[in-house]
Structures are given as C-alpha cells and as structure tokens.
1. Which residues, counting only those in region A:20-53, are open to solvent by less than 50 Å² (accessible area, probe 1.4 Å) and more than 22 Å from residue B:135 (Cβ to Cβ)?
2. Out of A:218, A:232, A:189, which single residue is open to solvent by 50 Å² or more (accessible area, probe 1.4 Å) and in the same structural domain as residue A:275 (by TED's automatic domain parsing)?
3. List the number of the failed condition for residue A:225; all other conditions in (1) open to solvent by less than 30 Å² (accessible area, probe 1.4 Å); (2) over 30 Å from residue B:234 (Cα atoms) hold.
4. Looking at region B:94-114, I want the residues that are at pLDDT below 95 and have a partner that is open to solvent by 10 Å² or more (accessible area, probe 1.4 Å) and part of a loop (DSSP other than H, G, I, E, B) with Cβ atoms under 8 Å, at least 6 apart or on another chain. Which pairs are those?
5. Is it the case that region A:189-210 has a residue that's of a type in the set (S, T, N, Q), within 30 Å of residue A:138 (Cα to Cα) and modelled with pLDDT of 90 or more?
6. From (1) outside any helix (DSSP H, G or I); (2) under 29 Å from residue B:275 (Cα atoms); (3) among the hydroxyl-bearing types (Ser, Thr, Tyr), pick out the condition that doesn't hold for residue A:44.
7. Kindly provide the set of residues from region A:8-25 that are of a type in the set (A, V, I, L, M) and either outside any helix (DSSP H, G or I) or facing chain B (nearest Cβ under 7 Å) (or both), ordered by number.
Amino acid sequence: MARKKEFYRYRYMFVLAIPGMLYFLVFKIAPLWGLSLAFVDFNSFKGLFGSEFVGFGNFIDFFNSNNFYLMLRNTIVISMMNLIFFFPAPILLALLLNEIKGEHFKKLTQTIVYMPHFLSWVVIAGITFFIFSSDIGLVNKAILTSGGDAIGFLSNPKLFWWFLLGQTTWKEIGWQSIIFLAAITQIDVSLYKAAEVDGASRMQKLRYITLSGIMPTVVTMFIIRLGTVFDVSLDQILMMKNSFVADVSEVFDTYAYTQGIMQGNLSLGVTVGIFKGIVSMAFVITTNEVIKKLGYDGIY
Amino acid sequence: MFKKRRKLKHFTIGDYVVYIIISFICILFIAPFIYAVSISLTDPDVYVPFKLYLFPDKISLATYKYILSNASFMNSFKNTVFITFVGTLLDLCVTYTFAYVLTKKNMPFHKLFMGMVVFTLMFNAGIIPNFMMVKSLHLINSRWALILPVLTNAWSLIVAKNFIESIPGEIEESARIDGCNDIQVFLRMIIPLSKASIATLTLFFAVSHWNTYFNALIYLTDTNKRTLQVYVKSLLIDASTTGVGVDVMNMPSETVRMATVILAMLPILVVYPFLQKYFVKGTMVGAVKG
C-alpha cells in the first residue's frame with residue numbers, strides 16, 4: 001500500500017520522465033540487442049535467428065585478417081602521438097596564459113584560441129586544404145610562384161599522422177587549456193608570496209608552485225585521455241583520408257563504417273565495435289588502478 | 001587599480017617573451033580565417049588560378065551571391081537550420097524534464113533512472129547497432145534521424161541536474177503550498193530559474209547539431225536531404241578529386257569553396273564571442289562535478 005501511495009505521489013514526475021525514459025530505452029538500451037550480431041553470420045533475409053550461429057568465429061576471422069594489424073597499428077600510433085605531443089600542449093598554453101599580466105589581452109587570447117573547438121571537422125579540413133592542398137593550397141602556390149614543383153602534402157602517407165596531430169592541436173589546444181587554467185586559479189596565492197620572500201625566480205615559481213600545483217589535474221586528465229585512447233575522431237579521418245593514404249588512415253571506426261554500412265557486412269561491423277569497446281574499457285579500468293597505486297585519486 | 005599599475009611597471013624581459021609567443025599563437029589561429037575570407041571576397045573576374053594572393057586585387061561579393069542563389073547549397077542550408085532549431089528545442093525538453101526527475105532521490109525507480117544515465121556514460125552499442133535501430137524505425141533519409149537518436153546525453157543531463165539541485169528547495173515547497181503540482185512547479189519555477197544552464201546547453205546542442213557530419217552521412221543518403229556539412233565536404237573533396245562541379249558554372253572553384261566554408265561556419269563565428277562565457281562555465285560544471 002505504501003508503495004502504491006509513493007507512485008501516486010510522484011505521478012506527475014512519471015509523466016515528466018516519459019520522454020527521457022523512451023529515449024534511453026529506444027536509442028541506448030534496445031540497440032544493445034544488435035551486439036548479438038557479432039556471434040552469427042548475419043543474413044538480413046533470414047533474420048537474427050535464421051542466421052548461422054558462429055560463436056567467436058567473427059572475432060577469429062577479424063583477428064586473423066591483415067586489416068586488423070593495420071588498424072591496430074594506426075590507432076595506437078595516432079593515439080600515442082596525441083598523448084605524447086598533443087596532451088602537454090594545453091598545459092603549456094595554460095602556463096603561458098597564466099603569465100599574461102594584462103587582463104584584456106588575456107581575455108582576447110582566450111577568445112581566439114577557444115574558438116576552433118566549435119568548428120566542425122569539415123571546416124577544419126577545409127582550412128587545411130586551403131593551406132596545403134596541391135590545387136588550391138597556399139603553400140603550394142608559394143612554391144609554384146617561387147619556381148618550385150607542387151608537393152602533395154595531403155597524399156603523402158608519411159605526413160598523414162602529422163596532419164591529424166596538427167589539426168587536433170589547432171582545434172582543441174585552447175579548449176583543453178581551460179581545465180588547467182582553472183586548476184591554476186585554485187592554487188593558494190600565499191605560496192607565491194612565500195616563494196618571493198625566499199627569493200624564487202619566475203621560472204622556479206612556475207615549476208615548483210604552478211606546475212606541481214596542477215599535477216593532480218594533469219594526472220586525472222591523463223587517465224581520462226588514456227581511457228579514450230581508442231577513440232580516434234571518425235569525422236576527422238573520414239575528411240582527411242584518400243586513396244593515397246589508405247594504409248595509414250584505416251582505424252576501427254572507419255573499418256566498421258565501410259564494412260558494416262557501405263558493404264552491408266553487419267556482423268563484421270558489430271564485431272569490430274565490440275572489440276573496440278572492450279579494449280577501451282580495459283584501458284580505463286587498468287589505468288585507473290595504476291594511478292590509484294601511485295597514490296593519486298582515480299576517476300572513480 | 002593600484003595592483004595593476006604596479007604590475008605594469010615591472011614589465012620584464014620574461015613578459016616580453018610571453019607576449020611575443022602568445023601573439024604568434026594568436027596569428028596562427030586568425031591568419032587562416034583572414035586568408036580564406038580574403039580569397040572568398042576576390043572578384044571572380046580578376047581571379048587567376050595558382051596565383052599567390054594574400055589579399056584580393058578587387059573585392060566583390062559575387063561569389064557569395066552565386067552560392068546563396070545555388071539551389072543545392074540553399075537546400076542543405078535549410079535542412080541544417082531545421083535540424084538545428086527543432087533538434088535543439090527537443091534536446092532541451094527531454095534533457096530538462098529528465099534532469100528534474102533525476103533530482104528526486106526518493107522517487108520510485110530513481111536508482112534505475114540514474115543507473116541508465118551512468119551506463120550510457122561508459123557503454124555505447126556502437127555504430128552498427130545504432131544504425132540498425134534508426135533503420136528499423138524507418139528514419140533513414142528523414143531529418144528526424146539526426147534529431148531523435150541524439151535527444152540527450154549523460155553529460156548534459158548531469159549538468160542540468162546539478163544546476164536544478166542548486167536551486168533552494170524552499171522555492172519548490174512554497175510553490176507546492178500554493179497548490180502547484182509537479183508539472184506546474186517544473187514549468188513555473190524550475191525552468192525560469194535554470195536560465196543560465198539552459199543558455200549553456202542550448203549552445204552546446206545547437207553547435208553539435210550544426211556540426212554533425214557522420215550521422216548525416218550515414219542516415220541521409222538522398223542528395224536532397226543532405227546537410228550543410230555533407231554538402232561542404234562534397235564540394236571540398238569530391239569536386240577537387242573529380243574535377244567536376246563548380247567549375248561548370250564559370251566560377252573559380254577556389255573562391256566558391258572558400259566562401260562556402262566561411263558560410264558554413266559563419267553562424268558559429270557570429271554567436272561565439274558573445275556566448276563564450278557560457279560555454280566555458282558549462283564545461284567547468286561538467287568537468288568539476290561530472
């Protein structure tokens with residue numbers, strides 16, 4: 001009876017819950033059913049139960065294909081380049097921004113560097129073409145004007161990963177610096193005063209107070225980044241890939257898209273997705289444990 | 001005032017180094033836009049392919065006029081505007097109703113509701129299962145395919161929920177004493193008092209709808225249904241590899257492409273500087289409490 005009363009008391013709240021509930025059930029929970037496709041050789045005419053059950057056969061085929069190693073390598077290289085070169089960039093930017101003394105100049109700079117975060121990858125790729133492409137690129141125009149031969153920057157497999165890194169840095173460096181700037185403002189000002197009394201130089205204050213003060217934030221952000229290490233931006237790669245760089249641009253998501261949606265091989269597409277999901281989760285859990293062992297707070 | 005003046009007096013070599021580096025970074029961010037704008041404003045009649053321009057020889061709006069009179073551009077533009085407006089409005093409705101429900105900790109099923117949100121934060125069925133769901137709902141080639149599957153997300157719900165929780169409980173109580181039921185409290189109290197967070201989320205939703213590329217690519221395959229981002233992509237890449245498309249119209253493809261990209265980001269460029277503070281506040285809420 002008490003339970004019934006509770007339901008009656010919250011009857012209007014349940015009305016308000018309907019849109020959200022429906023959304024989660026239809027678009028978040030129900031699609032999980034589709035994961036079962038990874039364990040059959042899916043035939044859309046026969047349906048899920050008519051299709052042949054193959055157990056982990058799809059996974060075995062996927063691991064044994066040449067594409068698997070290619071994708072694994074590309075994903076790891078792209079992620080590692082992001083971790084090594086892109087991750088520290090916003091920290092450096094935040095430290096620099098913090099050193100600006102004029103408030104107006106600081107605000108203006110922030111407005112400028114945050115902005116690319118809101119542009120789509122299509123626009124970012126467009127800007128890249130305007131500068132580097134061989135038909136309309138600014139750099140190639142300059143080379144041609146000075147008598148050289150045009151260079152195919154965007155069709156060079158050796159440069160592809162660096163272009164991704166450059167784009168990511170340009171788009172997100174400002175936005176990512178927000179969290180580090182916020183961490184810097186949390187540092188106790190009296191620490192700087194005390195250091196000044198002790199005769200610390202600007203670089204010493206930067207290193208021993210600011211940098212060590214934001215270390216917990218840096219560590220947390222690093223774990224979060226490690227957790228999403230397998231999430232290479234699909235939009236970005238779809239924009240930048242072309243037939244010349246096919247070997248260096250294929251990642252799990254692009255493969256799931258071309259195999260599953262364009263070729264209609266749904267079982268393979270789902271298999272790739274599940275593999276990626278499990279590896280990502282393992283990354284989050286493992287890194288979180290490691291960080292806790294090192295004495296920092298984990299993310300959960 | 002005193003503090004500021006004292007600081008300016010001590011403008012050291014280190015400060016000059018910082019200012020020079022920062023200025024250089026700012027140029028790296030602004031220069032591409034200035035270049036694209038100046039090429040797009042070049043008069044098509046005096047444009048020479050492969051000639052190095054930094055600033056136009058002759059300024060004209062001819063390219064922009066041409067694009068705005070182009071049926072496929074306008075069509076994709078209209079589709080995107082529809083998706084952005086309707087999508088953002090519905091996102092807000094679903095997010096705020098559900099966020100309000102999530103604040104009621106004593107309600108039956110509270111744990112289930114919360115569990116669902118946290119679950120989606122960690123697991124996603126993936127590209128193919130989501131695609132199959134949209135397909136089975138017969139939403140392929142419908143603009144609703146870009147609206148319904150992204151009605152809300154865990155991060156926005158947490159932002160909205162945290163904000164509603166910061167509203168003093170007495171306000172809700174007083175409304176209830178005046179005879180309001182939960183829905184009336186929600187509409188008359190919670191929504192008006194959540195304005196600041198609504199502003200933030202409106203912007204995030206709108207930007208994400210405006211910029212959506214992958215979903216538009218897989219769900220809207222019909223050329224008439226395509227969105228602005230997909231149109232720009234085809235103009236940028238497909239036209240440059242096949243060599244057909246814009247050149248047929250006696251317009252230099254370079255100025256057309258640059259002007260189209262400028263138009264595709266213009267709405268964001270226009271609103272961004274005014275709303276930057278909301279954006280930043282919004283991410284902080286998500287980062288600190290989420």
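The values are calculated or read from the model by the stated rules, or taken from the named source; none is laboratory data. Remember, it's a predicted structure, so these values are computed and weren't measured experimentally. In this analysis, Cβ positions are derived from the backbone assuming ideal geometry, glycine residues included, and neighbour counts consider all displayed protein chains. Note: areas computed on protein heavy atoms with side chains; ligands, DNA, RNA excluded. Shrake-Rupley method; radii C 1.70, N 1.55, O 1.52, S 1.80 Å.
1. Of everything in region A:20-53, those that are open to solvent by less than 50 Å² (accessible area, probe 1.4 Å) and more than 22 Å from residue B:135 (Cβ to Cβ) turn out to be A:20, A:21.
2. A:189
3. Every listed condition holds for residue A:225 apart from (1).
4. From region B:94-114, the pairs are B:104/A:10; B:107/A:10; B:108/A:10; B:110/B:104.
5. Taking every residue of region A:189-210 in turn, none turns out to be of a type in the set (S, T, N, Q), within 30 Å of residue A:138 (Cα to Cα) and modelled with pLDDT of 90 or more.
6. All conditions pass for residue A:44, except number (2).
7. First, pick out the residues of region A:8-25 that are of a type in the set (A, V, I, L, M): A:13, A:15-18, A:21-22, A:25.
Listed by number, the residues that qualify are A:13, A:15, A:16, A:17.
Matching residues to (1) open to solvent by 40 Å² or more (accessible area, probe 1.4 Å); (2) in a helix (DSSP H, G or I); (3) in contact with a Pro (Cβ under 8 Å, 6 or more places away or on another chain); (4) acidic (Asp, Glu):
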residue	(1), (2), (3), (4)
A:69	yes, yes, no, no
A:80	yes, yes, no, no
A:85	yes, yes, no, no
A:101	yes, no, no, no
A:105	yes, yes, no, no
A:127	no, yes, yes, no
A:141	no, yes, no, no
A:147	yes, no, no, no
A:154	no, yes, no, no
